[in-house]
1. What is the one condition in (1) over 24 Å from A:H166 (Cα atoms); (2) assigned to a helix (DSSP H, G or I) that A:P237 does not satisfy?
2. Where in the range A:69-156 are the strands (runs of 3 or more DSSP E), entirely inside, with at least 2 residues that are in contact (Cβ under 8 Å) with a residue 40 or more places away in the chain?
3. Taking the range A:102-143 on its own, how many of its residues are within 17 Å of A:A81 (Cβ to Cβ) and more than 10 Å from DNA strand B (Cβ to nearest atom)?
4. Do the conditions hold for A:G212, that is, is it more than 10 Å from DNA strand B (Cβ to nearest atom) and of a type outside the set (A, V, I, L, M)?
5. Any residue that is closer than 28 Å to A:L134 by Cα and either in contact (Cβ under 8 Å) with a residue 40 or more places away in the chain or in contact with a Lys or Arg (Cβ under 6 Å, 6 or more places away or on another chain) (or both) - is there at least one of those in the range A:158-166?
6. What tally of residues in the range A:21-44 results from selecting those that are within 15 Å of DNA strand B (Cβ to nearest atom), touching a residue at least 24 places away in the same chain (Cβ under 8 Å) and more than 21 Å from A:V103 (Cβ to Cβ)?
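Laboratory data are not the source of any read-out in this text; all were calculated from the coordinates shown. Since we're looking at a predicted model, the values are computed, not measured. All Cβ positions, even for glycine, are placed from backbone atoms using ideal geometry, and neighbour counts span all protein chains on display.
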Amino acid sequence: MKLATWNVNSLRVRLPHLTDWLAQAQPDIVCLQELKCEDAKFPRTELQAAGYQSASSGQKTYNGVAILSRSPLHDVSAGIAGFQDEQKRVVVATVDGVRVICVYCPNGQAVGSEKYDYKLRWFAALKEYIAAELSRHPMLAVGGDFNVAPEDRDVHDPKAWEGQVHVSAPERAAWRALLALGLKDSFRLFEQPEKTYSWWDYRMMGFRRNAGLRIDQILLSAALAARCTASTVDKAPRKLERPSDHAPVIAEIS
DNA sequence: ATGGCTACGATCCGTAGA
């Protein structure tokens, strides 16, 4: 089973890149973020033609998440149970016995801002939600844009980023609290090339300079981590014309 | 140097992303 996550930064703009990538990479399950697209306008038939069923939780202009799958999606629900939120950031489904949670974690804007506080509250709620899901689903994966670079090696210029949003100590603690539930960062289960990132700023030729952050991850429960055979970032779509600023992350499960 | 791209929904600029 090949599981992927990709922040597409507008599903409608990126649909050609997405369908090309699906045909090339042949993932079984894909978590998508930043659809910026209402469910009514979700390109369900186009994706069906590409061989994927979908469960989406979208909204206009901002946020929006979806899970694509070649196998049927069961027990679909949207949002974090018990956490009131207008912003569409979570969708969950069971596919082939695996509980898949797709997350678009808040950006946080700036340390100390209202959005930063929301980010930390949101992470606390996510942790409780994952804990509850884990108790019922030992085979569980959380794929998404976490908007946290967990360690300095996930940051192109740790000095410049020190204390900033995406790397601040409270954000990293919130991210590590998810691992404390028993989850593993699939990417770090393996030897990886130095300076591997999943997001690069559109400005200042961020991608050419490899000025990036590794903020997109796939977290696996112990049962899945034990069966994970590879995890990579696929930089190819980031090289295309009019790319998303994020690249897909992949985890392969035997 | 606090800018710089890109997408969006609304104009001909503001908001948001990271």
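1. Result: A:P237 fails condition (1) only.
2. Hits in the range A:69-156: A:90-95, A:98-104, A:140-145.
3. 21
4. Criteria not met by A:G212.
5. yes
6. Total satisfying the criteria: 2.
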